[in-house]
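Step one of this worksheet: look at the structure below.
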Amino acid sequence: MTEIKEKRVSKSKGGRPLKKVKRESHLMVRLTENERFLVEEKSKEAGMRPSEWFRQAAKKAKVIARLKPEDGEFLRMLAGLANNLNQLTRLAHKDGLITVQKKCRELLFEIDEVLKHLRSDDR
């Protein structure tokens with residue numbers, strides 16, 4: 001004798017269907033009135049709710065680190081070069097510009113190189 005088992009079909013209990021992605025974590029952000037206005041305007045232009053706009057903006061954002069430890073060395077070097085430039089400027093006023101011109105050009109080149117390094121995105 002073979003028994004035929006009936007498959008039980010589960011009946012839906014009703015209610016809202018479950019979401020595919022459930023967001024359970026909260027992040028509280030404090031904004032100024034101007035920041036809130038900008039977020040609301042941009043989200044309205046995009047046809048999104050502000051929270052959805054924030055999520056999309058966070059995914060696409062590119063963040064550049066402020067300063068790395070080795071950048072501090074470059075900043076100290078830049079401060080020293082600026083000090084040297086001030087001394088050369090005083091000397092130029094005192095002794096004449098032509099005598100100091102070569103030193104100033106070398107120093108300005110060094111300052112320019114340090115600034116290029118600090119501005120680069122690959123720091």
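Here, each number is a calculation from the coordinates, and none is a lab measurement. Just so you know, these numbers come straight off a predicted model, no measurement behind them. With ideal geometry, Cβ positions are generated from the backbone for all residues, glycine too; neighbour counts draw on all protein chains shown.
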Report summary line: Taking only the alpha carbons of the stretch 69-119, the radius of gyration and the largest Cα-Cα distance, Dmax, both in angstrom, are 12.3, 40
**Report entry** Loop-located trypsin sites (Lys or Arg not before Pro) in the stretch 11-74, at most 12 other Cβ atoms within 10 Å (DSSP)
**Finding:** Lys11, Lys13, Lys19, Lys20, Lys22, Arg23, Arg30, Lys62, Arg66
Report task. Please go through the stretch 13-42 and write out the GluC sites (Glu not before Pro) that DSSP classes as loop and that have at most 13 other C-beta atoms within 10 Å. Result -> Glu24
Report summary line: If each part is reduced to its alpha-carbon centroid, the stretch 63-109 and the stretch 34-59 end up apart, in Å, by 44
Requested in this report: With no solvent and one equal point scatterer placed on each C-alpha of the stretch 13-61, evaluate the Debye formula and give log10 I(q)/I(0) for q = 0.24 Å⁻¹, two decimals.
Outcome: -1.00
Report summary line: Quick note on Ser120, Ser25, Ser51, Ser43, ordering by fewest other C-beta atoms within 10 Å, gives Ser25, Ser120, Ser51, Ser43
Query raised in the report: So what's the angle, to the nearest 10 degrees on a 0 to 90 scale, between helix 50-60 and the longest Cα principal axis of the chain?
Result: 60
Query raised in the report: Which entries in the list Lys42/Lys62; Lys13/Lys44; Lys42/Lys116; Lys20/Lys60; Lys22/Lys59 go over 25 Å, if you measure between the two C-alpha atoms of each?
Result: Lys13/Lys44; Lys42/Lys116
